[in-house]
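First the structure, in the form of structure tokens, and then the observations on it.
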Amino acid sequence: MSGILAAAGLTLVPAGPAQAAGVRAHVVDAAEAYLGTPYRLAYGWTCGTAAVDCECLNRHAIWDGTYRATGRGLQLNYWLQGQINQGRRTSDPRPGDLVFWDTDPNDGIRYGGDLDHTGVYVGNNRVIDANAYYGYVMYDSITLGGTEPDPIFVDVLTPHGY
């Protein structure tokens, strides 16, 4: 690849901390653009932009933010577990990371593949999520108001070169 780039007169510049922070800021901005958007459950690849569910919000925020920052959008899986598998878990979340919860205490599978809610971490212990209970995209706490004290944080940006 570097030979092709050199022949075209281009150089490959690895992403540094400043570019990474810029990508993350664009992801947060993209998520914020959906604040107030109505919630609508969508399965698979059927999500639109007029109404979104939580996985769909993640997909739009990651794609739009990475595309605006670099001209190369990152496509997330439509399924929660698929989104987790595209990244790496982190205990030190940064804006633009994804947050996952298992909000159903009756399913008996704590983070065992039965996750049911997600959002975009924006910093200061806050997320933006498409909240089915309230019916729209909103700011929320990382504990969903104290009901979910142990969310999973996943960095999908760094492993994909953003």
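Before moving on, here are some points about what is shown:
- Filtered residues of the stretch 40-96 (kept if of a type in the set (Gly, Ala, Ser) and open to solvent by 30 Å² or more (accessible area, probe 1.4 Å)): 50, 69, 71, 91
- Hits in the stretch 34-75 (condition: in contact (Cβ under 8 Å) with a residue 40 or more places away in the chain and assigned to a loop (DSSP other than H, G, I, E, B)): 34, 35, 36, 37, 41, 53, 74
- Residue 99 meets all of the listed conditions (1) touching a Leu at 6+ places or on another chain (Cβ under 7 Å); (2) closer than 21 Å to residue 44 by Cα but one, namely (1).
- Filter result for residue 102 (without any contact (Cβ under 8 Å) to a residue 60 or more places away in the chain and touching a strand residue (DSSP E or B) at 6+ places or on another chain (Cβ under 9 Å)): yes
- Reported count of residues in the stretch 88-108, each being part of a loop (DSSP other than H, G, I, E, B) and modelled with pLDDT of 95 or more, is 7.
- Scope the stretch 131-141; condition closer than 20 Å to residue 56 by Cβ and in contact with a strand residue (DSSP E or B) (Cβ under 7 Å, 6 or more places away or on another chain); matching residues: 131, 132, 135, 136, 137, 138, 139, 140
The values are calculated or read from the model by the stated rules, or taken from the named source; none is laboratory data. All values reported here derive from a predicted model rather than from experimental measurement. Backbone-built Cβ (ideal geometry, glycine too); neighbour counts: all protein chains shown. Heavy atoms of the whole protein, side chains included, go into the accessibility calculation; ligands, DNA and RNA do not. Shrake-Rupley method; radii C 1.70, N 1.55, O 1.52, S 1.80 Å.
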